[in-house]
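Asker: I have a structure I would like to understand better, so I am pasting it below and will then ask my questions one at a time.
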Amino acid sequence: MKLSTILRALRAALKQREEVPRVPTPGISRMCFNQGCELFTKTPSVLTAGNHPNQPPQKAQARLRLGAGWSRLLATCIRGVKCGMGRSFTGGGDSDPSFFPSLRAAFDARTLRRPEPSRFRIRGLPALGSQGMIGREQAVRGLPRILAFREALIDTMKGARLQTQQNERNRYHGPETCLWSSGFGMKLEAVTPFLGKYRPFVGRCCQTCTPKSWESLFHRSIMDLGFCNVILVKEENTRFRGWLVRKLCYFLWSMEQQIPPCQDALQKIMESPGVQNIISGRAPGRDGEGQAPGLVKKEVRRIVDHMQATPRPLLLRLFSWVLLRFLNCLFLNVQLHKGHMKMVHKAAQAGSPLVLLSTHKSLLDGILLPFVLFAQGLGVLRVAWDPHICSPVLRTLLRKLGWLFLPQEANLALGSSEGVLARAVVHTVLDQLLVSGQPLLIFLEEPPGAQRPRLSALGQAWLGMVVQAVQANVVPDVLLVPAAVTYDLVPDALPDVHHDSTPLGLWTGTLAVLRSLRSCWGCSHRACVRVHLAQPFSLQEYTINARSCWGSRQTLEQLLQPIVLGQWTVVPDTEKEQEWTPVIGPLLALKEEDQLLVRRLSRHVLHASVASSAVMSTAIMATLLLFKHHKGVFLSQLLGEFSWLTEETLLRGFDVGFSGQLRCLVQHTLSLLRAHVALLHVRQGDLLVVPRPGPGIMHLARLSAELLPAFLSEAVGACAVRGLLAGRMRPEGRWELQGLELLSQNELYRQILLLLHLLPQDLLLLQPCQSSYCYCQEVLDRLIQCGLLVAEETPGSRPTCDTGRQSFSSKLLWKPSGDFTDSDSDDFEETKGRYFRLSQQSRCPDFFLFLCRLLSPLLKAFAQAAAFLCQGQLPDTESGYMEQLFKFLQASAQDEGLFECADPKLAACAIWTFKDLGVLQQMPSPAGHMLHLSPTFVSRQNQEKLEQFIRQFICI
């Protein structure tokens, strides 16, 4: 039979099917990532009238008789489609077993359906066709005939697959408790989330502060190396083979790990110049002015024994074996990018010691990061740990595994003899560690659950000693590696340990581990983990280049208080100085300039660690349920929203920690959040997903904070636009009316600066090398790029598209030809006349509200703290007033439903911000430092001005 005859019969069948009614059912065939851009192929599948339960069956529309050659060609097409559709793009998961029998039955009936147009949405490409689509029939005329025939087969297969899933959904009716166990009442493939190959490569160091490091240790080839599962150990990872090896591969792999010999450094510490100077200075004091040298040596040994111990190889191997078993029971996988690991290996081979500076999301970070580097062949990682978290017995065990603990005497005053000796010993131990080339891990964030500022004082103290070692030329240079660990969900039993007043003991930790294993026992959905290692950079290079970026700074009281009270209208042209982290003993010994260097370096590295962290699926789901669909959303709509937010995250240069088939990802995510999300079967074939009120919303708010850095610039800009429009029209005004308002560039800059000054530095994490005005321009550019703002031509201004000769301001006319210090775009006179309007696209109102709501928990907590000033009992201690405010936030959450604001961290953040703003003052008293209301804000009128200033940025 000729091909032309087949195609004529196919066209005739398609033409007859035009009159058949269609029932559209949205479906998403697959999700794939292609070098930082996400392509979602959305195929609105159709059900024929014969397949729909409310329509009578239809006769076969066409009958085709194929010869042997065409049968083989058709079988080849079916196999190709099966490989492309039945699996996720990275090769995980099998196809639905009921799908292809349905396809054969449909094909045996010789029923060919009219294919629905496919919709391809690719960012950066123009829309095709009058409606942005290309139909299948148009493709038949333009493409080869074989491809057209194959496309029709694909559509038939999708329809059969959709009908199978629809039948399974229609069969399900049951309470909410059965929805979780039965896979939400839909037949979903058993595909667990895993990592894909093509991702945006994150983790590059700052090109402004470290340009040489940015060029070194990196090659474009490492972007395509993919990921590896660190806890996946098989028979191939050992030197042995056999069935017994497959049973004991974890143990054999742990015993084969190479551990470099660690020498006892006690003798070298005793012979170091710093310790010898202290001993010689105290030796003559037999008359009561000093101690004997023997007592000093004994004290040095005691401090060294408290700090560290020589790692035991056998204990390390046994601990790695037990930890490998524990992690495999607790997590689905622990993924690490091979390209990141290759950069770290190159840095280790360069000869300079490595210092990892990490975030601190969980207590497991201190165990997981050393295990990952140990498994990747970097040796024993020495971990600088907080001694207050662990009991003495647990500290003894951890010291033998490579942990370091700062002695308490090191935090004493500078004039204390015990403090001087302890700091000298700590510096000597760290110098010996750096000289030996052993890697060191320092946590820059406070442990989870701690009611303290985000930046860790202990981490800054350790980092300050590293900086001092480089300045003293103990080692020529140190390579700093920003690191982070992100979780789908932190195990439930482990975060609660830190909230106890007593330190974590050996038996308490064992019980916490057993509770975690019990919660995961028999659970089919376990969490995923991503370990991130950013590009290493030179500390010496940063120290040289960072000092040139320092400028004048003012306190928040000097910058913002006159504007809040209406005394000033112009924002001062200077940066904000805000430091909440206290300076402890080892850092006090440094010069003031070096202390400032350490604080800014800590913030710079923490920004790099957060920027390189992947966004997990639970963070995306929590953000959607909390800020976009807080009243509930149907599961069919949630699928599209999840893919949209994933795409927007990737387009902003942030990686995501998942991939795979979309419906399976959503099912996995909702199963992880089942304690905080309710599933309701309210209509046939679909489910309603509703966040549970109370603690469930608070937990979702903490998860959604992981996504905020990806949208922070747009969120700041949207809240600034909201504050600018609040003074002109009612907040509940129609979007079309708000779009008529002209927004000048200078007014937008002012509102963005005001909001930047109000928001705490711990949230913004701006790079110290970036000024606030540069960030304002970045925020404005982001609003234009995402389509919320459009440029508007004013009657008396030069058109934006005019490329003619521009007039320069007088400031640039008299500059020397080689002076480029003031060559900003702000020096063009044309920029003063730039105006913008809100875009009138249909998607803009919802997206604008979504961006504003991302900052609403913090801003609402600030507004409620301002309203609480007239009710609070002052004077009081800081902790006492914090408890008062937290109880007020909890009461407001019960009355108004603002559960996302009832967080003790938000209460602490509001109090610290009000202290910097001059609203609260801390004064000494016999009972300690007490908080008082400042005389300026004693009047109720000024308190209302403060509350009104904050509420202008809140979108209801």
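Asker: Exactly one of these conditions fails for Arg530: (1) assigned to a helix (DSSP H, G or I); (2) at pLDDT 90 or above; (3) among the basic types (Lys, Arg). Give me its number.
Answerer: If we test Arg530 against (1) assigned to a helix (DSSP H, G or I); (2) at pLDDT 90 or above; (3) among the basic types (Lys, Arg), just (1) comes out false.
Asker: Would you point out the residue of segment 461-485, among those that are free of Cβ contacts under 8 Å to residues at least 60 places away in the same chain and touching a Leu at 6+ places or on another chain (Cβ under 7 Å), that is surrounded by the most Cβ atoms within 10 Å (Cβ to Cβ)?
Answerer: The qualifying residue surrounded by the most Cβ atoms within 10 Å (Cβ to Cβ) is Ala469.
Asker: Could you tell me whether Phe711 is open to solvent by less than 10 Å² (accessible area, probe 1.4 Å) and without any contact (Cβ under 8 Å) to a residue 60 or more places away in the chain?
Answerer: Judged against the criteria, Phe711 is not a match.
Asker: For Thr486, are the conditions met, namely being among the hydroxyl-bearing types (Ser, Thr, Tyr) and part of a helix (DSSP H, G or I)?
Answerer: No, not satisfied.
Asker: Every residue in segment 331-361 that is assigned to a helix (DSSP H, G or I) and in contact with a strand residue (DSSP E or B) (Cβ under 8 Å, 6 or more places away or on another chain), please.
Answerer: Within segment 331-361, Lys338, His340, Met341, Met343, Val344, Ala347, Ala348 qualify.
Asker: For segment 552-590, enumerate the residues that are in contact with a strand residue (DSSP E or B) (Cβ under 6 Å, 6 or more places away or on another chain), loosely packed, with under 15 Cβ neighbours inside 10 Å and not charged (D, E, K, R).
Answerer: Thr574
Asker: Take the residues in segment 547-569 that are assigned to a loop (DSSP other than H, G, I, E, B) and under 30 Å from Cys209 (Cα atoms), then tell me which one is modelled with the highest pLDDT.
Answerer: Restricting to residues being assigned to a loop (DSSP other than H, G, I, E, B) and under 30 Å from Cys209 (Cα atoms), the top hit is Thr555.
Asker: Sticking with this one: What's the number of the condition Trp321 fails, among (1) open to solvent by 50 Å² or more (accessible area, probe 1.4 Å); (2) over 30 Å from Glu541 (Cβ atoms); (3) outside any helix (DSSP H, G or I)?
Answerer: (3)
Asker: Among the residues of segment 629-651 satisfying the criterion of being part of a helix (DSSP H, G or I) and among the aromatic types (Phe, Trp, Tyr), which is most open to solvent (accessible area, probe 1.4 Å)?
Answerer: Trp644
Asker: Might you let me know whether segment 779-790 holds any residue that is open to solvent by 10 Å² or more (accessible area, probe 1.4 Å), more than 35 Å from the chain's Cα centre (by Cα) and either modelled with pLDDT of 85 or more or hydroxyl-bearing (Ser, Thr, Tyr) (or both)?
Answerer: No: zero hits.
Asker: Among the residues of segment 585-612, how many are touching a Pro at 6+ places or on another chain (Cβ under 8 Å) and assigned to a loop (DSSP other than H, G, I, E, B)?
Answerer: 1
Asker: Condition first: open to solvent by 30 Å² or more (accessible area, probe 1.4 Å), within 26 Å of the chain's Cα centre (by Cα) and at pLDDT 65 or above. Now tell me which residues in segment 489-512 satisfy that.
Answerer: Correct list: Leu489, Val490.
Asker: Filtering segment 233-283 down to residues that are polar (S, T, N, Q) and out of contact with any helix residue (DSSP H, G or I) (no Cβ under 9 Å at 6 or more places or on another chain), which residue is modelled with the lowest pLDDT?
Answerer: Gln267
Asker: Let me confirm something: among Val610, Val598, which residue is out of contact with any Gly (no Cβ under 7 Å at 6 or more places or on another chain) and surrounded by 16 or more Cβ atoms within 10 Å (Cβ to Cβ)?
Answerer: Val610
Asker: Let me ask something else about it. Can you run down the residue pairs with Cβ atoms below 9 Å, 6 or more apart or on separate chains, where the first is in segment 899-916 and within 15 Å of Leu869 (Cα to Cα) and the partner is among the aliphatic types (A, V, I, L, M) and not in a helix (DSSP H, G or I)?
Answerer: Correct list of pairs: Ile911/Leu920; Ile911/Leu931; Thr913/Leu759; Thr913/Val919; Phe914/Leu920; Lys915/Leu931.
Asker: So, one more: Open to solvent by 10 Å² or more (accessible area, probe 1.4 Å) and hydrophobic (A, V, I, L, M, F, W, C): does that describe Leu458?
Answerer: yes
Asker: Is one or more of the residues making up segment 864-872 at pLDDT below 90 and closer than 30 Å to Gln567 by Cα?
Answerer: Yes, segment 864-872 has at least one match.
Asker: Okay, moving on. Which condition number does Leu626 fail, the rest of (1) touching a residue at least 24 places away in the same chain (Cβ under 8 Å); (2) assigned to a helix (DSSP H, G or I); (3) open to solvent by less than 10 Å² (accessible area, probe 1.4 Å) being met?
Answerer: (3)
Asker: Please give the number of the condition Gly339 fails out of (1) closer than 20 Å to Ile259 by Cα; (2) modelled with pLDDT of 90 or more.
Answerer: (1)
The values are calculated or read from the model by the stated rules, or taken from the named source; none is laboratory data. It should be emphasised that the depicted structure is a prediction, and the values quoted were computed from it without experimental measurement. Virtual Cβ from ideal backbone geometry, glycine too; neighbours counted across all protein chains shown. Remember, those area values only see protein heavy atoms, side chains included, never the ligands or the DNA or RNA. Shrake-Rupley method; radii C 1.70, N 1.55, O 1.52, S 1.80 Å.
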